[in-house]
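Here is the structure we will look at, set down as structure tokens.
The values are calculated or read from the model by the stated rules, or taken from the named source; none is laboratory data. As the structure is a prediction and not an experimental result, all values here were calculated from the model. Using ideal geometry, Cβ is built from the backbone for each residue, glycine included, and neighbour counts are taken over all protein chains shown. In case anyone asks, the SASA skips ligands and DNA or RNA and just uses the protein heavy atoms, side chains included. Shrake-Rupley method; radii C 1.70, N 1.55, O 1.52, S 1.80 Å.
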Amino acid sequence: MRHRGRNLPVNRRTLLITTALAVTAAGLPAAPAAGAPAITGPVFPDSFPLPPGFQPEGIAIGSSPYAFFGSRATGAIYRASLVTGRGEIINPGPGTPSLGLKIDKRLRLFVAGGTGGDARVIHARTGELLASYRLADGASFVNDVVLTPGGAWFTDSTNPVLYRLPLDRAGRLPGPDGVVRVPLTGDIAYGTGINANGIVRTPDGTGLLIVQSGTGLLFRVDPRTGLTRTVDLGGELLTNGDGLLLDGWTLYVVQNRINTVAVLGLDRAGTRGRLLTRRTDPRFDVPTTVAAYGRRLYLPNARFSTPPTPTTEYDVIAIPRH
């Protein structure tokens with residue numbers, strides 16, 4: 001029997017084999033579910049749709065070619081193949097937002113719960129809710145999350161505090177009362193609007209970086225004490241700064257309402273940096289955050305300036321990483 005793979009160009013065949021191996025190793029499905037939004041065209045499309053009315057906010061991508069998105073409307077989690085652009089809802093959500101997302105090597109999605117004041121952990125393959133944590137009582141806006149070797153850290157755009165879910169060396173989740181609250185002190189001053197938003201580690205891994213959307217300032221946080229110091233960017237502001245992505249010593253900052261990604265070069269400790277470039281794309285429609293896979297960056301268009309309806313269209317844009 002003639003093998004169909006022999007008719008593929010070598011580079012395309014290699015890509016498909018590599019992708020299949022990555023998916024198999026990750027334990028994720030080898031193909032998206034039938035009936036999901038269809039994409040025609042080349043492998044790894046430059047854009048793909050999300051479900052109508054989804055209202056995306058966060059994105060997470062692990063080691064396999066799948067992206068995960070949270071809905072700020074219902075908290076649903078949508079998984080899409082980066083190979084085809086097709087996907088499915090894997091968790092219907094609690095009816096409160098799912099904002100920032102991160103995935104670990106154990107296929108656990110850590111989800112920031114926005115106005116729900118909570119954090120959730122969901123299995124990325126099955127969609128099963130593994131754990132839920134009450135982070136705040138009263139008004140709160142749990143906005144984003146970063147994973148470190150010692151735990152998951154969450155920002156709150158309403159309250160000057162970081163929340164940590166400690167993880168032991170085996171990666172075990174804490175019990176429901178295991179949340180650690182670290183008040184933010186020092187240079188950051190909370191005001192009206194969106195305060196601490198996106199969060200990443202410093203290049204040397206010793207601190208955390210958070211962007212304050214309302215002021216456009218970037219802060220370095222000592223995770224032991226919560227002390228914040230303003231990062232010296234030479235006078236540059238990151239107005240409407242939202243999601244952050246650290247790639248080595250390069251920091252990508254999504255500036256949502258101005259449809260821009262600022263690219264910064266940082267020092268090792270994350271105490272100073274300089275603007276390398278600002279990138280935009282005519283397809284941007286208020287992107288909120290960014291994740292990387294291969295040579296591409298992926299950004300969901302949140303479309304904050306478009307009144308949401310059950311039929312409002314949303315999509316994801318891919319741009320070159322460099």
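Roughly how many Å is it from the Cα centre of the range 99-155 to that of the range 243-311, as a whole number? Taking the Cα centre of each part, the range 99-155 and the range 243-311 sit 21 Å apart.
GNM on the chain, alpha-carbon springs under 10 angstrom: the most fluctuating residue among Val179, Val253, Val290 is Val179. What residues qualify as long-range amide H neighbours of Val231, i.e. H under 5 Å apart, gap of 5 or more or another chain, H built at 1.01 Å from N? Excluding prolines and chain starts, which carry no amide H, the hits are Leu218, Phe219, Arg220. To check you understand DSSP bridge types, tell me what percent of the beta bridges within the range 73-149 (both residues inside) are antiparallel, rounded to 5. If we restrict to bridges inside the range 73-149, about 100 percent are antiparallel. Model label points for Asp204 and Asp187, set 7 angstrom from Cα along the Cα-to-Cβ axis, are 1.6 nm apart. The candidate values are (i) 19.2, 70; (ii) 20.8, 67; (iii) 19.7, 61; the one derived from this structure for Rg and Dmax of the Cα atoms in Å carries the label (i).
The magnitude of the dipole of the chain, with charges of +1 and -1 set on the Cβ of Lys/Arg and Asp/Glu and taken from the Cα centre, is near 1220 debye. Across the range 110-124, rounded Karplus estimates of 3J(HN,Hα) from the backbone phi angles (6.51 cos²θ - 1.76 cosθ + 1.60, θ = phi - 60°) give 9, 10, 7, x, x, 5, x, x, 10, 10, 10, 10, 10, 6, 6 Hz, Gly and Pro being marked x. In this simple spin-label model, placing a label point 7 Å from the Cα along the Cα-to-Cβ direction at both Lys105 and Arg229 gives a separation of 3.1 nm.
Remark: the Ser132-Asp247 segment gains 38.5 nm on full extension, using 0.36 nm per residue and subtracting the alpha carbon distance. Expressed as a whole percent, the accessible area of the chain that falls on carbon and sulfur atoms is 54 (1.4 Å probe). Applying 1/(1 + (r/R0)^6) with r as the Cβ-Cβ distance of Arg125 and Arg169 and R0 = 25 angstrom yields a FRET efficiency of 0.60.
Average accessible surface for the chain: 44 Å² per residue, computed with a 1.4 Å probe over protein heavy atoms with every protein chain in place.
The angle between the Cα long axis of helix 10-26 and the longest principal axis of the Cα atoms of the chain comes to about 60 degrees, rounded to the nearest 10.
Between Asp222 and Leu276, the contour length at 0.36 nm per residue exceeds the Cα-Cα span by 16.9 nm.
The trypsin sites (Lys or Arg not before Pro) of the range 247-297 that DSSP puts in a loop, and whose beta carbon has at most 14 other beta carbons within 10 Å, are Arg268, Arg295.
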